[in-house]
Amino acid sequence: MEQLGRRIRALRKQQGLTLRKVAELAGCSDVFLSQVERSLASPSIASLKKIANALEVSIIDLIQDNPAVEEQVVTRRADRVEFRFPRAEVYSQLLARNVKRKSMQPLYKVVRPGSGSEGEYCHHGEEWGLVLEGALELTVDGREYHLEAGDSFYFNSSHQHGYENRGAVDTVLIWVISPPTF
């Protein structure tokens with residue numbers, strides 16, 4: 001995540017976009033975006049998703065050092081690409097690599113107590129998930145759903161959505177996004 005700010009700045013400049021324009025598209029202030037670019041601020045998952053959308057890239061394009069270029073049928077546990085959101089204490093592992101030409105993106109996600117998306121966001125596609133351990137509060141279009149181990153969800157990603165672990169233990173889940181957006 002240390003390179004995040006540099007990647008955002010490089011992509012913004014590569015596309016000939018100003019701080020103000022990207023901030024406007026992402027729904028944040030240009031001051032905040034400047035702080036992110038200089039690694040003085042850590043964006044929430046929701047904010048990072050909005051910045052990625054403004055730059056027309058995926059979150060993985062912003063945080064992964066060397067994306068896989070070849071087709072991979074099997075992803076071994078030890079080879080999963082992991083990305084963390086330090087401020088939110090949420091981390092995800094890609095269960096499949098090189099998803100650019102795929103129709104879905106499966107994630108193994110751990111949400112620490114008191115953490116979550118830190119806001120709501122929306123994008124094109126659909127999402128499905130299964131809570132393996134703990135509990136999760138999922139919000140879709142302002143409606144809250146309490147999910148426990150064994151519960152699953154499915155919704156259209158164009159609806160405003162976010163999540164939070166309000167419990168005392170980690171929430172572990174499988175989360176699938178279609179098409180890939182991370």
Exercise. Here are Gly129, Gly114, Gly119, Gly167: which of them is part of a strand (DSSP E or B) and either exposed (fewer than 15 other Cβ atoms within 10 Å of the Cβ) or of a type outside the set (Asp, Glu) (or both)?
Worked result: Gly129
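Would you point out the residue of segment 1-36, among those that are out of contact with any helix residue (DSSP H, G or I) (no Cβ under 9 Å at 6 or more places or on another chain) and charged (D, E, K, R), that is surrounded by the fewest Cβ atoms within 10 Å (Cβ to Cβ)?
Applying the first criterion (out of contact with any helix residue (DSSP H, G or I) (no Cβ under 9 Å at 6 or more places or on another chain)) to segment 1-36 yields 2, 10, 13-14, 16.
If we keep only those that are charged (D, E, K, R) too, we end up with 2, 13.
On the way: Glu2: 7, Lys13: 12.
Applying the filter and picking the extreme gives Glu2.
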Problem set entry | Top-ranked residue of segment 136-164 - restricted to ones that are in contact with a His (Cβ under 8 Å, 6 or more places away or on another chain) and surrounded by fewer than 19 Cβ atoms within 10 Å (Cβ to Cβ), ranked as farthest from Ser44 (Cα to Cα) | Phe155
Problem set entry | Exclusive hit being within 13 Å of Val90 (Cα to Cα) and over 15 Å from the mean Cα position of the chain (by Cα), set Gly134, Gly114, Gly142, Gly150 | Gly114
Exercise. Is it true that some residue in segment 49-66 is in a loop (DSSP other than H, G, I, E, B), of a type outside the set (D, E, K, R) and modelled with pLDDT of 90 or more?
Worked result: no
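The values are calculated or read from the model by the stated rules, or taken from the named source; none is laboratory data. Keep in mind that what you see is a predicted model, and the values were worked out from it rather than measured. Neighbour counts are summed over all protein chains in view; Cβ atoms, including those assigned to glycine, are modelled from backbone coordinates with ideal geometry.
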